[in-house]
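Step one of this worksheet: look at the structure below.
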Amino acid sequence: MLLHMNNSAELAKSSFPVDGEAVCIVLCHLATLHANHGYYNTALDTISYMKKTFPSHSQHAKLWMLVEQQIAFTRSVYHAKWSAAEQAVLNMMALDINEALYRKCILLRMKGETCEAYELVNKLLEECQEKKKNYTVEHHVRLLITLAELCCQTSNYTLAASHLLQCMSLCQQHHLYYLVAMTTMHLAHVQLLLNLPHQALSLVEKSMTQVLAHGSQYDKCCVLLLLAKCQLACCQPTQPTKRKDALMSAVRILNEVCDGLQKTEAHCKLKEVFYIQARIYHELGYQAERNKCALQFRQLDQLFPSSVSPPVSTL
């Protein structure tokens, strides 16, 4: 559809509406895909095109307005710019109340305001159970994952696993395969936090292909980071040869993660990677590389101070 979008005479004579809802939805999806892979300028160019084709007073303008605020929110959270993220949430309130409240939960968690986040997530989950207007399974699943992340952030790992298993059942029931894979990754992370690295590694290797094939750049980086953590946790210092191999493997994986996170401008997550890299290089005895990573972490922390210090207890 997009490849054939033009203002040619043939298209003008056709019955296909260039300014119809279907075209707006496709363009919104395209903008979201570009943003998810770090191509923010291309995403904003797509939104600019929609602003001209679907002016703010038009019937379908609400669609691109929501996508614009979602991208603004994501970038603000990645940069730890909480005021800008709060403004994006306020703007979303008039467009999609469920999406706005879900994003508010994420913001509260990232800011470390866990009590407020718990209260809001539980309230939204109660509404999901009642299946009120605009209820979707995806929304329910995302809230359960957020609740599990909050449990991890407050060191309540057993409860987090319970929520994730409920989430897994819901995803499988509705054939949401990508969300099944992401839920599996969160469950693997909980197992790692419970000092069960071999079980965690097994889950990661089982489901990571789905995420690497279909996920956003940020999700891919999170999965690769989790893979490196699991591999390191499975090889203890009492096995020097295997330990060194695992450390060198982790270095290669984390270099790839760094590239991906820099592309998506996920600076808060990038700090965690630099922190882990510094510790790996310290164990390997590579002082120059260790100092470089430590400096990169410090510079990022000064530019983008976050509420939760590494190592972060969420995926």
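The values are calculated or read from the model by the stated rules, or taken from the named source; none is laboratory data. Keep in mind the model is a prediction, meaning the values are calculated, not measured. Here the Cβ positions follow ideal geometry from the backbone for every residue, glycine too, while neighbour counts run over all protein chains shown. Accessible surface areas use protein heavy atoms only, side chains included; no ligands, DNA or RNA. Shrake-Rupley method; radii C 1.70, N 1.55, O 1.52, S 1.80 Å.
In table form, for the structure just shown:
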read-out	value
Residues of segment 80-101 classified as within 28 Å of Leu300 (Cβ to Cβ) and open to solvent by 30 Å² or more (accessible area, probe 1.4 Å), total	8
Glu116 in contact with a Leu (Cβ under 9 Å, 6 or more places away or on another chain), over 29 Å from Ala61 (Cα atoms) and without any contact (Cβ under 8 Å) to a residue 12 or more places away in the chain	yes
Meets criteria (more than 28 Å from Cys151 (Cβ to Cβ), assigned to a helix (DSSP H, G or I) and small (Gly, Ala, Ser)) for Ser249	yes
Among (1) open to solvent by 40 Å² or more (accessible area, probe 1.4 Å); (2) of a type outside the set (Asp, Glu); (3) farther than 30 Å from Ser155 by Cβ; (4) in a helix (DSSP H, G or I), the one test that Lys104 misses	(3)
Candidates Lys242, Lys206, filtered to the one that is out of contact with any helix residue (DSSP H, G or I) (no Cβ under 6 Å at 6 or more places or on another chain), part of a helix (DSSP H, G or I), modelled with pLDDT under 95 and within 22 Å of Cys167 (Cα to Cα)	Lys206
Considering residues of segment 148-184 that are of a type in the set (Ser, Thr, Tyr) and open to solvent by less than 30 Å² (accessible area, probe 1.4 Å) only, the residue nearest to Glu113 (Cα to Cα)	Thr183
Cβ-Cβ under 9 Å pairs, at least 6 apart or on other chains, segment 227-255 side closer than 23 Å to Lys271 by Cβ and hydroxyl-bearing (Ser, Thr, Tyr), far side part of a helix (DSSP H, G or I) and open to solvent by less than 40 Å² (accessible area, probe 1.4 Å)	Ser249/Ala228; Ser249/Leu232
Members of segment 46-65 found to be in a helix (DSSP H, G or I), open to solvent by less than 30 Å² (accessible area, probe 1.4 Å) and not β-branched (Val, Ile, Thr), listed by number	Met50, Ala61, Trp64
Pairs, first under 16 Å from Thr114 (Cβ atoms) in segment 135-147, second among the basic types (Lys, Arg), C-beta under 7 Å, six or more apart	Thr146/Arg109
